[in-house]
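Q: Below: one structure in structure tokens.
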Amino acid sequence: MTTHPEAPAPSRSMVFVRQIAGGLITLAITLLGLLLVTFFIGRVVPIDPVLSIVGERATAEQYDAVRQALGLDEPLWKQFFIYVRDAVQGDLGTSIRTGAPIAGEIARYFPATLELATLGTIIGVIVGVPAGVLAATRPGSLADQIVRLVGLMGYSMPVFWLGLIGLLVFYGHLDWVGGPGRLDPAYEMMLEFSLTQYTGAILIDTALNGAWDVFANALSHIILPAGLLGYVSMAYISRMTRSFMMNELGQEYITTARVKGMPEWRVIWVHAMKNVMVPLITVIALSYAYLLEGSVLTETIFAWPGLGSYITDALFTADMPAVLGGTIVVGVVFVTLNMASDILYRLIDPRARQ
């Protein structure tokens, strides 16, 4: 009887590569589904894009010419193919309101949202993680009750109300922070004509230019909206950190470490936190994605010229191509952050690669 040698088991690195490849395929399918949804939304809304361009007084010949130029006279399957092809190439269409390419406009607005959401997430992580750990290590104590109460207020209060109260107190009465917008008008002119813009993020660009007076003015404007978003993020992160940490502190390996006489800070911040960080990465990534896509109200209240304000203005003017273009960008960011957190999850936890 002939025996065949068993095939060697794939290495961990090979398994990891296969998992990443599978994740990328899932990412591509998800983005294709997103494009399909936005395509059909753009076709079923009761707004005629041709009429929005040519106006109600256009002749039938003008109407038909623009309709043909937009490819709306083609079958739906062909329109969708063209839509996907253009989106893959970075062409999100033309804004009805401004007549400019939507991709270029989003590239101009998105850095403001990215800067605001990033700073808000950093604040949320710096405050939320230690607060959650403190609450988990002292369950039922006064510190635990305060952390839970502050967290409950953070994800229960309306964001627009918190923003208005913050402007009234810290800007209107105390004058501790700058007002709405990213800069005072005088500094906006300096930024536009005198400073080199590398990234579109004012704090980074002004620091690279050494314009510390503009940096200070930008910081005074961003600190309140970023602090507000950071508070919302902190509420979610602290609650999840507390839950994850309490679960880990009840495990046998923690009891073993304590019995061996290991210092409590090492038990918590080295052994327990190592396992807590695995699910916490997903929580932080989702919180970051939420701030990127859900900052519409915050940007509106603080007159922050970001992607949320861009989509809101487009909605008010019935500029559906711009709305759908912004929606695609938000969806791509959300899905990409999910993918990135999954990869990071597998890099940190070897068990997830098996």
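The values are calculated or read from the model by the stated rules, or taken from the named source; none is laboratory data. These numbers come from a predicted model, not from an experiment. Glycine gets a Cβ as well: all are built from the backbone with ideal geometry, and neighbour counts include every protein chain shown.
Q: Give Ala143, Ala131 a once-over and let me know the one that is in contact (Cβ under 8 Å) with a residue 40 or more places away in the chain and out of contact with any Pro (no Cβ under 9 Å at 6 or more places or on another chain).
A: Going through Ala143, Ala131 in turn, the sole match is Ala131.
Q: While we're here: Tally time: how many residues in region 136-153 are among the hydrophobic types (A, V, I, L, M, F, W, C) and under 27 Å from the mean Cα position of the chain (by Cα)? Let's see the steps before the verdict.
A: The first filter runs over region 136-153 and keeps only residues among the hydrophobic types (A, V, I, L, M, F, W, C), leaving 136, 142-143, 146-147, 149-150, 152-153.
Filter once more, keeping what is under 27 Å from the mean Cα position of the chain (by Cα): 147, 149-150, 152-153.
Adding up the residues that qualify gives 5.
Q: For region 261-280, which positions are over 14 Å from Arg242 (Cα atoms), surrounded by 17 or more Cβ atoms within 10 Å (Cβ to Cβ) and at pLDDT 85 or above?
A: Val267
Q: Any chance you could count how many residues in region 216-226 are buried (at least 19 other Cβ atoms within 10 Å of the Cβ) and among the small types (Gly, Ala, Ser)?
A: Keep residues of region 216-226 that are buried (at least 19 other Cβ atoms within 10 Å of the Cβ), which gives 217-218, 221-222, 224-226.
Retained after the next criterion (residues that are among the small types (Gly, Ala, Ser)): 218, 226.
Qualifying residue count, region 216-226: 2.
Q: Moving on to the next point. Can you confirm whether Thr255 is without any contact (Cβ under 8 Å) to a residue 12 or more places away in the chain, assigned to a helix (DSSP H, G or I) and either of a type outside the set (Gly, Ala, Ser) or within 23 Å of Ala107 (Cβ to Cβ) (or both)?
A: Details: without any contact (Cβ under 8 Å) to a residue 12 or more places away in the chain: yes; assigned to a helix (DSSP H, G or I): yes; either of a type outside the set (Gly, Ala, Ser) or within 23 Å of Ala107 (Cβ to Cβ) (or both): yes.
Judged against the criteria, Thr255 is a match.
Q: What number of residues within region 179-203 are without any contact (Cβ under 8 Å) to a residue 60 or more places away in the chain, surrounded by 15 or more Cβ atoms within 10 Å (Cβ to Cβ) and either touching a strand residue (DSSP E or B) at 6+ places or on another chain (Cβ under 8 Å) or among the aliphatic types (A, V, I, L, M) (or both)? Walk me through it before giving the result.
A: Within region 179-203, the first condition is being without any contact (Cβ under 8 Å) to a residue 60 or more places away in the chain, and the residues that meet it are 179, 183-198.
Filter once more, keeping what is surrounded by 15 or more Cβ atoms within 10 Å (Cβ to Cβ): 183-184, 187-188, 190-191, 195, 197.
Adding the requirement that they be either touching a strand residue (DSSP E or B) at 6+ places or on another chain (Cβ under 8 Å) or among the aliphatic types (A, V, I, L, M) (or both) leaves 183, 190-191, 195.
Total meeting the criteria: 4.
Q: Mind checking which residues of region 115-135 are of a type in the set (A, V, I, L, M, F, W, C) and crowded, with 18+ Cβ neighbours inside 10 Å? Quick ask: steps written out before the conclusion?
A: In the first step, residues of region 115-135 are kept if they are of a type in the set (A, V, I, L, M, F, W, C); the result is 116-117, 119, 122-123, 125-127, 129, 131, 133-135.
Scanning region 115-135 gives Leu116, Ala117, Leu119, Ile123, Val125, Val127, Val129, Ala131, Val133, Leu134, Ala135.
Q: Quick one: count up the residues across region 177-209 that are modelled with pLDDT of 85 or more and assigned to a helix (DSSP H, G or I).
A: Number satisfying all stated conditions: 8.
Q: What are the pairs, 6+ residues apart or on separate chains, where a residue within region 292-317 that is outside the structural domain of Ile165 (by TED's automatic domain parsing) has its Cβ under 8 Å from a residue that is in a helix (DSSP H, G or I)?
A: Listed by first residue and then by second, the contacts come to nothing, as the list is empty.
Q: Given the condition of a type outside the set (Asp, Glu) and over 21 Å from the mean Cα position of the chain (by Cα), answer yes or no: does some residue in region 233-243 qualify? Spell out the reasoning first.
A: Within region 233-243, the first condition is being of a type outside the set (Asp, Glu), and the residues that meet it are 233-243.
Among the residues that remain, those that are also over 21 Å from the mean Cα position of the chain (by Cα) are: 242-243.
Yes, there is a match, as at least one residue in region 233-243 is of a type outside the set (Asp, Glu) and over 21 Å from the mean Cα position of the chain (by Cα).
Q: Please go through region 154-178 and pick out each residue that is within 22 Å of the chain's Cα centre (by Cα) and not hydroxyl-bearing (Ser, Thr, Tyr).
A: Here is the first cut: in region 154-178, the residues within 22 Å of the chain's Cα centre (by Cα) are 154-163.
Result: Gly154, Met157, Pro158, Val159, Phe160, Trp161, Leu162, Gly163.
Q: Applying the selection to region 136-168, what residues are loosely packed, with under 12 Cβ neighbours inside 10 Å, modelled with pLDDT of 90 or more and closer than 21 Å to Val125 by Cα?
A: Of everything in region 136-168, just one residue is loosely packed, with under 12 Cβ neighbours inside 10 Å, modelled with pLDDT of 90 or more and closer than 21 Å to Val125 by Cα, namely Leu149.
Q: OK, next. Are any residues in region 233-260 within 17 Å of Tyr155 (Cα to Cα) and surrounded by fewer than 23 Cβ atoms within 10 Å (Cβ to Cβ), and if so, which ones? It would help to see each step written out before you state the result.
A: If we filter region 233-260 for residues that are within 17 Å of Tyr155 (Cα to Cα), which is where we start, we get 233-243.
Within region 233-260, Tyr236, Arg239, Met240, Ser243 qualify.
Q: Additional query: Condition check: farther than 15 Å from Gly325 by Cβ, part of a loop (DSSP other than H, G, I, E, B) and either outside the structural domain of Phe334 (by TED's automatic domain parsing) or modelled with pLDDT under 75 (or both). Does Glu6 satisfy that? Break it down into steps so the answer makes sense when it comes.
A: On the way: farther than 15 Å from Gly325 by Cβ: yes; part of a loop (DSSP other than H, G, I, E, B): yes; either outside the structural domain of Phe334 (by TED's automatic domain parsing) or modelled with pLDDT under 75 (or both): yes.
Considered against the rule, which asks whether it is farther than 15 Å from Gly325 by Cβ, part of a loop (DSSP other than H, G, I, E, B) and either outside the structural domain of Phe334 (by TED's automatic domain parsing) or modelled with pLDDT under 75 (or both), Glu6 comes out as yes.
Q: Go through (1) among the hydrophobic types (A, V, I, L, M, F, W, C); (2) surrounded by 13 or more Cβ atoms within 10 Å (Cβ to Cβ); (3) in contact with a helix residue (DSSP H, G or I) (Cβ under 7 Å, 6 or more places away or on another chain) one by one and return the number of the condition Trp176 breaks.
A: Condition (2) is where Trp176 drops out.
Q: I'd like the full set of residues that are crowded, with 19+ Cβ neighbours inside 10 Å and either in contact with a strand residue (DSSP E or B) (Cβ under 8 Å, 6 or more places away or on another chain) or of a type outside the set (S, T, N, Q) (or both), limited to region 297-312. Walk me through it before giving the result.
A: At the first step, the residues of region 297-312 found to be crowded, with 19+ Cβ neighbours inside 10 Å are 298-299, 301-302, 304, 306-311.
Residues satisfying the conditions are Glu299, Ile301, Phe302, Trp304, Gly306, Leu307, Gly308, Tyr310, Ile311.
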